[in-house]
Amino acid sequence: VNLLLVDVVLRDRGPTRVRLADGRVSAVGADLVPDPAEEVIDGRGGLLLPGLADHHLHLAATAAHATSADLEGRDLIAALREATPDGSGWVRAVGYDERRHGDLSRTVLDQAVPGRPVRVQHRSGALWVLNTAGLAAIGAYSATVGGIERDPDGVPTGRLWRCDDWLRTALPERDAPSLRALGATLAGYGLTHLTEASPDPGPAQAAAAAVRAGDLPQHLLLLAEDLTEQSADHPRIAIGPVKIVTTDHALPGFEELCDRICRAHGHGRPVAVHCVTRAALALTLSALAEAGVREGDRIEHAAVAGPPEVSAVAALGVRVVTQPSLVERRGDDYLARVDPPDRRDLWPYASLVAAGVRVAPSSDAPYGDPDPWRTIRAAVGRRTTSGRRLGPGEAVSAEQVLDGYLSAPSDPGGAPRRVAPGATADLVLLEGSLADVLAEPDAGRVRATLVEGALIGGGA
Ligand SMILES: [Zn+2]
């Protein structure tokens, strides 16, 4: 069914009408007359933008997060004892922080929740800790997987480092959460494009399967390394850069990192390198300088970067995909714990933009907040949960962040997409003018979200 949006305001032109046909914007003009077969949506003078793109998130983990006990700011034992087990009898918790909750192992969890399988995720996402029942249930005692930490006698300690892909195969099938509810929530925020940033093929395939099944109505870009052509065998799925994780407890060697970058480039794909420490960023920048930069190469997070690193990023011409909502969520922790020399260099945004770097915002959900409007507020205010400011010099305008959300997934931080004839009809209709939206960015303004001309969220 074709649509005519009447009384809408575009960024570059006053009240007008926009016709959608065959999944595209077919015409824009105040004089367009409704066709009898056409459905009409009254924009009531609201702003019509291209749909937003979240340039980095983890869909399966975000969906699972919704059904987990959240340990953030809570007592671990009490939270675990109160948690409701899932359909397979597992207790699942997220947000473990060793500085708040202490060291965690199989035996500590056994005392907290005896008898039923428990798994607790570190807030970085890099570590799971399981109790004895949990380890037994997934066969960890006899498994030969690399990330299973063992004591000197060879007995698993309960700590599993970056084992997500194996865990997914070892856990009961019905543990895999549907992405349908999450897809609807994200549509309600005006998001029409999602970049699934997991390096492992499991989450990428789960997200692709959700698009094919109709559970996830958005466009999807996949960053996992080992993807077959079939993974992207759908008009709304594309394969993007190769995600490379430089784990902070074991940085890869320089040669190894260069090789991985060259291999990705050799396959015609840019790289997206995870860098959350100054050391990881320095290593990555020298590896990129050695291997050569390919258009589309990007740094994920750049969580610690001062003037020398910012200049180096700019000189190489690589992009940065940042997560302003973590300034709010974790800012108080950073102020308490991060070494003073690193504190002033946390989560740069304005200095990157000033240096000419293409910067794109994202959520990194479930670690950051999936609501893009909240991310815009966080990037503008740079306020922590307790109201203190973190790196106020790195604050940017709401329009700067919005532009980043409007850049194409294949061009993060590039020119914002526009509503113009010929463009794909991926759109968000908002309540209020551009000035209103920028002054008070809020998900409550989203009235309708469309992908390829079809309504996926909001009732208009
Ligand atoms: Zn991530």
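The values are calculated or read from the model by the stated rules, or taken from the named source; none is laboratory data. As the structure is a computational prediction, the values presented were derived from the model and not from experiment. Glycine also receives a Cβ, built like all others from the backbone with ideal geometry; neighbour counts cover every protein chain displayed. Just the protein is used for accessible areas: all its heavy atoms, side chains included, with ligands, DNA and RNA removed. Shrake-Rupley method; radii C 1.70, N 1.55, O 1.52, S 1.80 Å.
Using a 1.4 Å probe on the protein chains only, how many percent of the accessible area of region 183-272 belongs to carbon and sulfur? Could you put the intermediate results ahead of the total?
On the way: 1700 of 3400 Å².
Solvent-exposed carbon and sulfur of region 183-272 make up 50 percent of the total.
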Quiz item: What part of the accessible area of region 1-92, given as a whole %, is carbon or sulfur when the probe is 1.4 angstrom?
Solution: 49
Practice problem: Could you go through region 113-121 in sequence order and give the Karplus-derived ³J(HN,Hα) for each residue, using 6.51 cos²θ - 1.76 cosθ + 1.60 with θ = phi - 60°, rounded to whole Hz, and x for Gly and Pro? | Solution: 10, x, x, 10, x, 10, 9, 10, 9
Quiz item: Modelled label-to-label distance, Ala136 and Glu82, 7 Å Cα→beta-carbon offset: nm?
Solution: 2.9
Quiz item: By what distance, in whole Å, do the Cα atoms of region 139-245 stretch along each of the three principal axes, largest value first?
Solution: 52, 27, 23
Quiz item: Between Ser433 and Glu229, 0.36 nm times their residue separation minus their Cα-Cα distance comes to what?
Solution: 69.2 nm
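How much length is gained on full extension from Glu39 to Ala355, taking 0.36 nm per residue of separation minus their Cα-Cα distance? Mind dumping the intermediate values first?
Details: separation 316, 0.36 × 316 = 113.76 nm, distance 4.64 nm.
Difference between extended and current length: 109.1 nm.
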Self-check item: Interchain or long-range residues, amide H under 5 Å from Ala408's placed H
Solution: Gly414, Arg417
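Once you have the Kirkwood Rh of region 87-132 from its Cα pairs, apply Stokes-Einstein at 10 °C and 1.306 mPa s and quote D in µm²/s. List each step's numbers first, then the result.
Working: Rh = 10.7 Å.
Taking Rh from Cα pairs, D becomes 148 µm²/s.
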Practice problem: Quick one: dipole size for the chain, taken about the Cα centre, charges +1 on Lys/Arg Cβ and -1 on Asp/Glu Cβ, in debye to the nearest 20. | Solution: 540
Quiz item: Which number do you get for Rg(Cα) / (2.2 N^0.38 Å) in region 309-401?
Solution: 1.02
Quiz item: Ala280: net charge of surrounding residues, Cβ under 13 Å, Lys/Arg +1, Asp/Glu -1, itself excluded?
Solution: -3
Exercise. Give a residue-ordered list of calculated ³J(HN,Hα) values for region 208-223 (Karplus: 6.51 cos²θ - 1.76 cosθ + 1.60, θ = phi - 60°; whole Hz; x for Gly, Pro).
Key: 5, 4, 5, 5, 4, 7, x, 6, 10, x, 7, 6, 10, 10, 10, 10
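Using only the C-alpha atoms of the chain, find the volume of their convex hull and express it per residue in Å³. Can you show the working numbers first?
Numbers: hull volume 68.1 nm³, N = 460.
So the per-residue hull volume is 148 Å³.
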Exercise. Using amide H atoms built 1.01 Å from N in the peptide plane, name the residues 5+ places from Ile456, or on other chains, whose amide H lies under 5 Å from its own.
Key: Thr449, Leu450, Val451
Self-check item: Stokes-Einstein D for region 1-116, Kirkwood Rh over Cα pairs, 4 °C, 1.567 mPa s (µm²/s)
Solution: 68
Self-check item: Residue among Leu257, Ala312, Ala272 farthest towards the positive dipole end of region 240-333, charges placed on Cβ
Solution: Ala272
Quiz prompt | Hz values of 3J(HN,Hα) by residue in region 143-151 - Karplus curve (6.51, -1.76, 1.60), Gly and Pro given as x | solution = 6, 10, 7, x, x, 6, 6, 10, 7
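When you have a sec, figure out the Kirkwood radius of region 67-175 from all distinct Cα pair distances and drop it here in Å to one decimal?
Working: mean 1/r = 0.0729 Å⁻¹.
Taking every pair of different Cα atoms in region 67-175, averaging 1/r and inverting gives 13.7 Å.
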Exercise. Would you please state which residues of region 113-133 a label at Glu149 would reach in this model, taking the label point 7 Å out along Cα→Cβ and a backbone N cut-off of under 18 Å?
Key: 118-133
Self-check item: Average accessible surface area per residue within the chain, 1.4 Å rolling probe, Å²
Solution: 40
Quiz item: With each label point set 7 Å from Cα along the Cα-Cβ vector, what nm distance links Glu295 and Asp103?
Solution: 5.2
Quiz item: Taking the convex hull of the alpha carbon atoms in region 364-460, what volume per residue do you get, in Å³?
Solution: 132
